[in-house]
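Take a look at the following structure, please.
Please treat every number below as a calculation from the coordinates, not as lab data. Just so you know, these numbers come straight off a predicted model, no measurement behind them. Positions of Cβ are generated from backbone atoms using ideal geometry, with glycine treated the same way; all protein chains shown enter the neighbour counts.
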Amino acid sequence: MDNAIPELDQIKRQLMTLHRPKKPKMLVVDDEPDNLDLLYRTFRRDFNVLKAESGIRALEVLGIEGEVAVIISDQRMPE
């Protein structure tokens, strides 16, 4: 027997999202878009991945987002 109440599936999905543990934040910083995309795809399942294309932008993201669990940064960037 399928659910007699159509809204029950929607309510179940909403409740399941409430119980999901919050993923830690990770900031990846690189001036190469391909590297940013690779890092995002690699870590997105386990982290809420934030991206920045420069050191200046990384500082802005940190100012907005606050504390992050992990930062992965390119060592040499123009800015």
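From the set of residues in the range 35-79 that are among the charged types (D, E, K, R), in contact with a strand residue (DSSP E or B) (Cβ under 8 Å, 6 or more places away or on another chain) and under 16 Å from K23 (Cβ atoms), which is surrounded by the fewest Cβ atoms within 10 Å (Cβ to Cβ)?
E67
Additional query: When the residues of the range 22-60 are narrowed to those that are outside any helix (DSSP H, G or I) and β-branched (V, I, T), which ends up nearest to the chain's Cα centre (by Cα)?
Applying the filter and picking the extreme gives V49.
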